[in-house]
1. Summarise the accessible area of the chain (1.4 Å probe, protein heavy atoms) by the percent that is carbon and sulfur.
2. Mind checking the full-extension length gain between residue 9 and residue 31? Use 0.36 nm per residue of separation minus the Cα-Cα distance, one decimal, nm.
3. Counting only the heavy atoms of the protein chains, how much of residue 26 is accessible to a 1.4 Å probe, in Å² to the nearest 10?
4. If you rank 47, 30, 9 by how much accessible surface each has, with a 1.4 Å probe, what is the order from largest down?
5. How much accessible area per residue does the stretch 5-78 have, counting only protein heavy atoms and a probe of 1.4 Å, in square angstrom?
6. At what distance in angstrom do the alpha carbon centres of the stretch 47-78 and the stretch 15-40 lie from each other?
7. List the trypsin sites (Lys or Arg not before Pro) in the chain that DSSP assigns to loop (not H, G, I, E or B) and whose Cβ has at most 15 other Cβ atoms within 10 Å. Which are they?
8. Give, rounded to the nearest 20 debye, the magnitude of the charge dipole that the chain has about its Cα centre when Lys and Arg contribute +1 at Cβ and Asp and Glu contribute -1 at Cβ.
Amino acid sequence: MSDRLSYEDKKELPDSVFGLPERREYPMPDAAHVRAAEAYFRYCPEDLRPKLARAILERAREYGVDVRSPEVLGYAQS
């Protein structure tokens, strides 16, 4: 799976794999998508960043991804 999901693929994913499930944004069904969520973190609205950062770290642990972004790590502590 690449780090791009088609609309149809994204529609099939459960809410639980999204970094922001209520908005169905930042899908992380695999390691490649966890890395993509980390890379696109800067586009997340400020008020949702702590929630997304924690979701990224949770999914990263699940897939063995090493999160290095100081911004993600910092917001996860918020």
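The values are calculated or read from the model by the stated rules, or taken from the named source; none is laboratory data. The shown structure was predicted, so the numbers you read here are calculated from the model rather than taken from an experiment. Neighbour counts run over all protein chains shown; Cβ positions are idealised from the backbone, glycine included. Side chains included, ligands, DNA and RNA excluded: accessible areas come from the protein's heavy atoms. Shrake-Rupley method; radii C 1.70, N 1.55, O 1.52, S 1.80 Å.
1. Details: 2400 of 4860 Å².
Carbon and sulfur: 49 percent of the exposed surface of the chain.
2. Details: separation 22, 0.36 × 22 = 7.92 nm, distance 1.62 nm.
Computed gain between residue 9 and residue 31 is 6.3 nm.
3. So the heavy atoms of residue 26 present about 40 Å² to solvent.
4. Working: 47 120, 30 30, 9 80 Å².
I get 47, 9, 30, largest accessible area first.
5. Numbers: 4380 Å² over 74 residues.
For the stretch 5-78, the per-residue accessible area is 59 Å².
6. The distance from the Cα centre of the stretch 47-78 to that of the stretch 15-40 comes to 11 Å.
7. Values: sites: 4, 10, 11, 23, 24, 35, 42, 51, 54, 59, 61, 68; in loops: 4, 23, 24, 68.
Qualifying residues, ordered by number: 4, 23, 24, 68.
8. On the way: 13 positive and 15 negative charges, 30 e Å.
The dipole of the chain has a size of about 140 debye.
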